[in-house]
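Structure record follows, encoded as structure tokens.
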Amino acid sequence: MPKGFHGSPGGMNMQQMMKQAQKMQRQMAEMQEELSNKKLEVSSGGGAVKITINGEKQITDLVISPDVVDPDDVEMLQDLVMTAVNEAIRQIDEAANNQMSKITGGISLPGLF
């Protein structure tokens with residue numbers, strides 16, 4: 001009989017493995033629910049552009065200070081918006097990865113989020 005199965009010394013039986021997998025599945029569902037309700041606010045340009053993003057990576061609010069709206073310098077405004085959006089996505093990804101590592105004990109599960 002292969003090591004690690006029921007009856008072998010130090011091994012985990014199939015029923016224990018199934019219980020552990022079900023527990024992890026419940027925890028992941030709870031985490032996904034928690035993340036979908038999470039909102040982060042990120043700004044760039046010293047607060048000139050503010051973005052609110054939810055856990056589903058949807059921008060839910062965008063505020064642009066009138067001070068940075070210059071028709072002669074549209075590129076600066078574009079850069080500020082892009083910077084804020086990219087930072088918001090980075091932060092929500094980081095929050096998801098931190099939550100996932102709590103469940104998986106640091107084991108990487110690529111493609112899950």
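The values are calculated or read from the model by the stated rules, or taken from the named source; none is laboratory data. The structure displayed is predicted, hence computed values, not measured ones. Because the Cβ atoms are built from the backbone with ideal geometry, glycine has one as well, and the counts that use them run over all protein chains shown. Just so you know, the surface numbers come from the protein's heavy atoms only, side chains and all, with ligands and any DNA or RNA stripped out. Shrake-Rupley method; radii C 1.70, N 1.55, O 1.52, S 1.80 Å.
If I compute solvent accessible area with a 1.4 Å probe over the protein chains, what percent of it on segment 28-113 is carbon and sulfur?
Taking all protein chains in place, segment 28-113 shows 49 percent carbon and sulfur surface.
Straight-line reach from Lys102: which aspartates and glutamates have Cα under 13 Å away, leaving out those fewer than 8 places along the same chain?
Glu30, Glu94
Give, as a single signed number, the net charge of other residues whose beta carbon lies under 13 Å from the beta carbon of Met24, with Lys and Arg counted +1 and Asp and Glu -1.
For residues surrounding Met24, the net value is +3.
Provide the net charge surrounding Ser36, with neighbours chosen by a C-beta distance below 12 Å and charges set as Lys +1, Arg +1, Asp -1, Glu -1.
Charge balance near Ser36 sits at -1.
In whole Hz, with x marking every Gly and Pro, tabulate ³J(HN,Hα) for segment 46-54 from phi via Karplus 6.51 cos²θ - 1.76 cosθ + 1.60, θ = phi - 60°.
x, x, 5, 10, 10, 10, 10, 10, 9
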